[in-house]
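Student: Before anything else, here's the structure in question.
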Amino acid sequence: MRSATIAVAAVATLALAGCGGEKIGDEEPATATKADCGAFNLAINPWVGYEANAAVIAYVAERDLGCTVTKKDLKEEIAWQGFGTGEVDAIVENWGHDDLKKKYIEEQKTAVAAGSTGNKGIIGWYVAPWMAQQYPDITDYKNLNKYASLFKTSESGDKGQLLDGDPSFVTNDEALVKNLKLDYKVVYAGSETALITAFRQSEAKKTPIIGYFYEPQWFLSELKLAKVNLPAYTAGCDADAAKVACDYPEYDLDKIVSKRFADANGPAYNLVKAFTWTNEDQNLVAKYIAEDKLSADDAAKKWVEANEDKVKAWLAQ
């Protein structure tokens, strides 16, 4: 019903343009108004940056294309499994995952790549700002063992605690601790929210913390964490997961869709394929959701209404 209404509105717009002499470019893109979008199943992975991508894509898909969007909260590999069953059409922020690309794109042929999101991803180990000021050499991994006792917790025993996030996140940390011969134990906070809370409390109470974190990430505008320098990444240094002893690469975050969804070449697929934005764009929407407590839909609406030129460019492709 919504698609039909929009189509009629588009015809009326074109008629007015013919009579009123409006400028070229004032019309809504034809591909954004005439297609029958139908159902669009969008995976939601458990971090707010991903949620920001998904929120904006879903908002535009519903508002401009008349899609019926269903969001599904899924861990990363579970979402990939949904391509084969038809339960998932798109993953809109993928961090590398060469293993999953080999399995689902090359072997099972249930998924295809849909291009970069435009976001550059960085994973690393970080300490709270007060620690970097009080212990300036703590940001070199070679010095971490002399500080290990600072980070002991009931969960790490006689070792220093390296705090990770959700166990499903991309991480080499257990291998890194072992292969760099560090006197630490990886302990999982369980979620992005728990990680942020731990870093925030560390800075406020001056309690030691070293942990896994990443960009893009809105929280870094509130608290500028200090990154620990691990051995430099070189191509292939992480090829054997058990033997990794180098830093994480810089990730070109990308989108993955089901092959069936891509082959149908519908308007939702074309939107996902065209969607790109910057780390600053994502951080702003993520902040609306996580810090300002807007709903995902309201956060997306706020960003879209301030960036209609970007949205128009996506819809024109």
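Values quoted throughout were computed directly from the atomic coordinates according to the rules given, and no laboratory measurement underlies them. The structure displayed is predicted, hence computed values, not measured ones. Note: ideal-geometry Cβ built from the backbone for every residue, glycine included; neighbour counts use all protein chains shown.
Student: What are the ³J(HN,Hα) couplings of region 139-146, residue after residue, when phi is run through the Karplus curve with 6.51, -1.76, 1.60 and θ = phi - 60°? Round to Hz, x for glycine and proline.
Tutor: Working through the residues one at a time gives 8, 10, 4, 5, 9, 5, 5, 6 Hz.
Student: Check G115: other-chain or 5+ apart residues with amide H under 5 Å from its amide H, H built from backbone geometry?
Tutor: K255
Student: Something else about it: If the chain between K142 and K103 were fully stretched, how many nm would it gain, using 0.36 nm times the residue separation less the Cα-Cα distance?
Tutor: My answer for the length gained is 10.4 nm.
Student: On a 29 Å Cα-Cα criterion, which of the cross-link pairs K75/K205; K72/K152; K259/K287; K102/K243; K72/K302 come out too long?
Tutor: K75/K205; K72/K152; K259/K287
Student: At a threshold of 8 angstrom on Cα-Cα distance, excluding pairs fewer than six apart, so keeping six or more, what relative contact order does region 234-312 reach in percent?
Tutor: Across region 234-312, relative contact order equals 13 percent.
Student: I want to make sure I understand the PRE zone here: with the label point 7 angstrom from the Cα of N179 toward its beta carbon, which residues in region 218-262 have backbone N atoms less than 12 Å away?
Tutor: In region 218-262, the label zone of N179 (backbone N under 12 Å from the point 7 Å along Cα→Cβ) covers 231-249.
Student: Only Cα pairs under 8 Å and at least 6 apart count here; give the relative contact order of region 144-220 as a rounded whole percent.
Tutor: Relative contact order comes out at 33 percent.
Student: Give me a comma-separated list of calculated 3J(HN,Hα) values for region 272-281, in order, Karplus coefficients 6.51, -1.76, 1.60 applied at θ = phi - 60°, integers in Hz, x for any Gly or Pro.
Tutor: So the J values, rounded to whole Hz, are 4, 4, 7, 4, 9, 7, 9, 4, 5, 4.
Student: Please tell me the relative contact order of the chain in percent, rounded to the nearest whole number, where contacts are Cα pairs under 8 Å and at least six residues apart.
Tutor: In percent, rounded to a whole number, it is 27.
Student: Follow-up question, since we're still on this one. Would you indicate which of (1) 83, 59, 35; (2) 109, 52, 29; (3) 77, 44, 31 is the value of Cα extents along the principal axes in Å derived from the coordinates of this structure?
Tutor: Checked against the structure: label (3).
Student: Can I ask one more? Just to check I understand the Karplus step: with θ = phi - 60° and J = 6.51 cos²θ - 1.76 cosθ + 1.60, what whole-Hz values come out for region 191-199, glycine and proline as x?
Tutor: Computed from phi, the couplings for region 191-199 are 6, 4, 4, 5, 4, 4, 4, 5, 5 Hz.
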